[in-house]
Amino acid sequence: MSDISSRQFDLIDPVEKEARLRSESESWDTSNPQPARAGDIPVLDLERYFFDGQPAALKKLANELYYASTRVGFYYVTGHGVPAKKVQQAFHENQRFHALPLEIKLSIQMDRPEWPVTGVGYLPFHNRKLPARKKGNANEAFIVKRELGPRNISLDDNQWPAEQVLPGFRRNVESYANAIEGLAMKLLPIYARALGVEAGYFDQAFRSPTYRLRLSRYPSIKKYGTEEFGIAPHVDTTFFTILAQDSEGLIIYNEPRKCWIKAPIIDDAFIINTGELLKQWTNDLFISVKHFANNNTDSLSRYSIPVFFNATSDYRMHCIPTCCADENPPKYPAVSYLESQAVVQGE
């Protein structure tokens, strides 16, 4: 067998890739989403494996994850161990932040010249970022990120509202972020076994994991109408994304049915999806699925909390050995988060 790892590639141009994905998304017909059917989005119950760690439980989950990631691109997790009270508190903090006067939120606006770290803080309504689009997104958000590595961004480097303005906000948001980071790390052995490598395969890549947490609010459609996207159609740039939502509004493209479907709410569950970096890392074995989000209610705001999870920012991801061979050579060069289109988007 030839040394497939020695293949030469042109480096991925993150600007070109982001432009291509943006152009593709603008051509998608997003009309007429359908209700989800039973089984459209798999549900993985983590409780048994997280409780006793038995190989049989890991094998079962790995098989389920493989199916979900190669056929659907999205799945729910239950039995994940994140306390319901902690999730509820995070949504409470989401609502508290967005209830602040606009002038206070604008004082910590994302990418303001006075703040040295980009991509953190308040993202106003009708923003054109994350994802970047010609028309503004009908949502507002507060964004926190952790990126250890060359840029050494810690949670202290984020823009937080003053404690006297929003008592306990930072403490509770950090607590939730830590819980989701812990869940993400516990999922890695399942991903490894689903890909046919040893359970600790991803340990080195995630020694200093990075993430972006977004507290999002989507105003009611009665106030802003139905002609805008809450979040425009896109694919995520991530390894994977872990989403909590308080009401329906996520719309995904279902590959088996070849139509858009409405992701239902499952009590005490997170919904997780593959992003572009994991898709590339697996040589396109795992699929990164297009999706968008709206508010479907006439009078109430919709809130969601996605966490966009990635490997150490400068770790270069070579094709996973089980995902390539002489007859299926690597399609992509090794790339890190810092070299990806994620940075082009302003993450």
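Here is a list of conditions, (1) under 20 Å from Leu183 (Cβ atoms); (2) out of contact with any Phe, Trp or Tyr (no Cβ under 6 Å at 6 or more places or on another chain); (3) hydrophobic (A, V, I, L, M, F, W, C), and Val335 meets all of them except one; can you say which number that is?
Unmet condition: (1).
Report whether or not Val43 is under 19 Å from Leu183 (Cα atoms) and touching a residue at least 60 places away in the same chain (Cβ under 8 Å).
It is true that Val43 is under 19 Å from Leu183 (Cα atoms) and touching a residue at least 60 places away in the same chain (Cβ under 8 Å).
If you go through region 37-58, how many residues are closer than 20 Å to Met185 by Cβ and in a helix (DSSP H, G or I)?
In the first step, residues of region 37-58 are kept if they are closer than 20 Å to Met185 by Cβ; the result is 44-55, 57-58.
Narrowing further to those that are in a helix (DSSP H, G or I): 47-52, 55, 57-58.
Within region 37-58, residues that are closer than 20 Å to Met185 by Cβ and in a helix (DSSP H, G or I) number 9.
List the number of the failed condition for Lys258; all other conditions in (1) free of Cβ contacts under 8 Å to residues at least 40 places away in the same chain; (2) crowded, with 22+ Cβ neighbours inside 10 Å hold.
(2)
Tell me whether region 298-319 contains one or more residues that are modelled with pLDDT of 90 or more, aromatic (Phe, Trp, Tyr) and within 13 Å of the chain's Cα centre (by Cα).
The answer is yes; a qualifying residue exists.
Give region 320-335 a look and list any residue that's among the charged types (D, E, K, R) and under 24 Å from the mean Cα position of the chain (by Cα), or say none.
The answer is Lys331, and nothing else.
Out of (1) buried (at least 20 other Cβ atoms within 10 Å of the Cβ); (2) part of a loop (DSSP other than H, G, I, E, B), the odd one out for Asp267 is which?
Here Asp267 meets the rest and fails (1).
Condition first: assigned to a strand (DSSP E or B) and in contact with a His (Cβ under 9 Å, 6 or more places away or on another chain). Now tell me which residues in region 285-323 satisfy that.
First, pick out the residues of region 285-323 that are assigned to a strand (DSSP E or B): 291-293, 302-310, 317.
Those that are assigned to a strand (DSSP E or B) and in contact with a His (Cβ under 9 Å, 6 or more places away or on another chain): His291, Phe292, Tyr303.
Within region 206-221, track down each residue that is of a type in the set (A, V, I, L, M, F, W, C) and either touching a Lys or Arg at 6+ places or on another chain (Cβ under 9 Å) or free of Cβ contacts under 8 Å to residues at least 12 places away in the same chain (or both).
Let us first name the residues in region 206-221 that are of a type in the set (A, V, I, L, M, F, W, C), namely 206, 213, 215, 221.
Across region 206-221, the qualifying residue is only Leu213.
Outside any loop (DSSP other than H, G, I, E, B), surrounded by fewer than 17 Cβ atoms within 10 Å (Cβ to Cβ) and touching a residue at least 40 places away in the same chain (Cβ under 8 Å): which single residue out of Gln88, Gln95 fits that description? Give the steps one after another, and end with the answer.
Values: Gln88 fails: touching a residue at least 40 places away in the same chain (Cβ under 8 Å).
Only one candidate passes the filter, namely Gln95.
Residue by residue through region 311-338, note down the ones that are without any contact (Cβ under 8 Å) to a residue 60 or more places away in the chain and either buried (at least 17 other Cβ atoms within 10 Å of the Cβ) or farther than 16 Å from Gly196 by Cβ (or both).
Narrowing region 311-338 to residues without any contact (Cβ under 8 Å) to a residue 60 or more places away in the chain: 316, 327-328, 331, 334, 336.
Within region 311-338, Arg316, Glu327, Lys331, Ala334, Ser336 qualify.
Kindly provide the set of residues from region 277-310 that are under 25 Å from Ala194 (Cβ atoms), surrounded by 22 or more Cβ atoms within 10 Å (Cβ to Cβ) and touching a helix residue (DSSP H, G or I) at 6+ places or on another chain (Cβ under 9 Å), ordered by number.
Leu277, Leu278, Trp281, Thr282, Phe286, Ser288, Val307, Phe308, Phe309, Asn310
What is the residue count in region 270-284 for residues that are part of a loop (DSSP other than H, G, I, E, B) and not charged (D, E, K, R)? Give the derivation first.
So in region 270-284, the residues part of a loop (DSSP other than H, G, I, E, B) come out as 275, 282-284.
Now drop any that are not not charged (D, E, K, R), which leaves 275, 282-283.
Total satisfying the criteria: 3.
Condition (residue is free of Cβ contacts under 8 Å to residues at least 40 places away in the same chain and not in a loop (DSSP other than H, G, I, E, B)) applied to region 222-232: is it met by at least one residue?
Yes, some residue in region 222-232 is free of Cβ contacts under 8 Å to residues at least 40 places away in the same chain and not in a loop (DSSP other than H, G, I, E, B).
Could you check Thr70 against (1) of a type in the set (Ser, Thr, Tyr); (2) farther than 19 Å from Ala244 by Cα; (3) not in a helix (DSSP H, G or I) and say which number it fails?
(3)
Give region 23-58 a look and list any residue that's loosely packed, with under 14 Cβ neighbours inside 10 Å and over 24 Å from the mean Cα position of the chain (by Cα), or say none.
Correct list: Asn32, Phe51, Asp52, Gly53, Gln54, Pro55, Ala56.
Can you find a residue that is among the acidic types (Asp, Glu), farther than 30 Å from Cys259 by Cβ and modelled with pLDDT of 95 or more anywhere in region 78-95?
Keep residues of region 78-95 that are among the acidic types (Asp, Glu), which gives 93.
Still in the list and also farther than 30 Å from Cys259 by Cβ: 93.
The next check asks that each one be modelled with pLDDT of 95 or more; those that pass are 93.
The answer is yes, given that some residue of region 78-95 is among the acidic types (Asp, Glu), farther than 30 Å from Cys259 by Cβ and modelled with pLDDT of 95 or more.
The values are calculated or read from the model by the stated rules, or taken from the named source; none is laboratory data. Everything numeric in this text was worked out from a predicted model, so none of it was measured. Neighbour counts run over all protein chains shown; Cβ positions are idealised from the backbone, glycine included.
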